[in-house]
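Just so it is clear, none of the values below were taken in a lab; they were calculated from the coordinates. Keep in mind it's a predicted model, so treat the numbers as computed, not measured. Here the Cβ positions follow ideal geometry from the backbone for every residue, glycine too, while neighbour counts run over all protein chains shown.
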Ligand SMILES: NC(=O)c1ccc[n+]([C@@H]2O[C@H](COP(=O)([O-])OP(=O)(O)OC[C@H]3O[C@@H](n4cnc5c(N)ncnc54)[C@H](OP(=O)(O)O)[C@@H]3O)[C@@H](O)[C@H]2O)c1
């Protein structure tokens with residue numbers, strides 16, 4: 001048995017970085033050997049995030065040596081940094097390595113050198129990440145949308161439409177016009193209608209579909225809920241597909257954000273109607289949509305159990 005894998009989180013002063021650290025600190029086979037920041041470099045981790053009280057780690061500007069790096073950086077920064085890093089595995093939580101060109105450039109506004117990295121949605125095949133040196137962690141909306149549709153992959157084609165709502169942490173730690181409390185609280189608005197950058201991820205993951213997606217920003221901090229209205233499909237398809245998956249729960253009622261917050265699990269609700277089936281997926285955008293999914297990808301890359309260190313109970317209530 002090898003010693004613990006040494007992990008560094010790059011961008012630990014941000015939301016996904018802090019959440020990735022939270023999961024790594026509780027992981028039995030990982031040792032956190034560093035956490036980096038840009039403007040917050042030099043601060044103690046627990047000074048910036050009191051939630052980490054008791055963990056004596058200082059955020060550094062330099063990136064220490066490690067076996068695995070988690071890149072939790074803004075779009076454009078991860079792809080600039082990655083070629084200079086040497087490690088057994090680099091897991092990118094940004095959108096820099098998910099899509100092929102020219103689709104990537106069309107959605108992110110810059111072209112990337114080289115092809116996309118292996119796409120780390122575990123449910124697309126649990127052995128796909130074994131031994132991977134580079135992993136592109138899926139987007140948060142893309143994760144919820146793809147998990148809702150994956151059991152239909154190869155069984156459906158054509159147009160599908162969905163609506164989805166996300167909390168304000170989806171926009172990161174830097175305040176902006178759209179995350180400022182007075183415009184976010186008690187408000188609901190759509191954005192990037194039919195043009196969200198996660199749509200091509202979902203279309204590639206499911207295959208043979210064209211997704212019309214209406215994203216919304218909601219007046220809460222964490223969580224994503226997406227809804228599809230589909231032609232009649234039996235709920236047992238979802239039950240069978242996710243049967244022995246410890247990180248997906250299939251319900252015959254609508255899922256709720258409160259039941260997945262702080263948890264690595266996705267809840268999928270399938271409601272059968274008269275000639276119609278409604279499928280909803282609820283996740284925590286910072287866990288299943290980012291940090292805990294990145295750790296699940298490390299587990300699969302190392303050949304460890306998929307849910308190692310991830311079977312924690314979420315926030316109650
Ligand atoms: N938020 C979500 O729900 C979510 C979900 C899935 C994926 N993602 C993706 O994950 C990535 C990180 O998102 P986030 O929400 O965690 O963002 P964030 O809260 O804004 O954090 C960004 C982090 O990157 C650091 N940073 C910024 N520019 C840097 C540079 N030039 N060099 C080094 N470090 C730099 C920041 O350090 P300082 O603060 O110290 O300057 C901070 O630690 C983004 O690409 C995002 O799209 C986000």
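Summary of values
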read-out: Taking the chain and dividing mean pair separation by its residue count, relative contact order in percent (alpha carbons under 8 Å, at least six apart); value: 18
read-out: Sites residue 237 and residue 214, calculated FRET efficiency, Cβ-Cβ separation with R0 25 Å, nearest 0.05; value: 0.55
read-out: Calculated log₁₀ intensity ratio I(q)/I(0) where the Debye formula runs over C-alpha points of the chain, q = 0.08, 0.14 Å⁻¹; value: -0.34, -1.09
read-out: Value at 222 nm in deg cm²/dmol, rounded to 500, when DSSP H runs of n ≥ 4 in the chain each add -39,500 (n - 2.57); value: -5500 deg cm²/dmol
read-out: Euclidean distance of C-alpha centroids, the range 285-317 and the range 66-101, integer Å; value: 19
read-out: Euclidean distance between Cα centres, the range 1-37 to the range 251-284, Å; value: 30
read-out: Relative contact order of the range 140-283, defined on C-alpha pairs under 8 angstrom at six or more residues apart (%); value: 29
read-out: Label-point gap, in nm, between residue 272 and residue 85 - each point 7 angstrom along Cα→Cβ; value: 4.5
read-out: Peptide ranges 26-38, 292-304 listed from the most packed, as the mean C-beta count within 10 angstrom indicates; value: 292-304, 26-38
read-out: Residues 6, 221 arranged by fewest to most Cβ contacts within 10 Å; value: 221, 6
read-out: Whole-Å distance, taken between Cα centres, linking the range 204-246 and the range 108-146; value: 18
read-out: Cβ crowding within 10 Å averaged over residues, with 173-183, 274-284, 83-93 ranked highest first; value: 274-284, 83-93, 173-183
read-out: Sequence ranges 17-24, 135-142, 306-313, ranked by mean other-Cβ count within 10 angstrom, highest first; value: 135-142, 17-24, 306-313
read-out: Rg/Rh for the range 55-197, where both radii come from Cα atoms and Rh is the Kirkwood radius; value: 0.99
read-out: Point-to-point label distance, residue 185-residue 244, nm (Cα→Cβ direction, 7 Å offset); value: 4.9
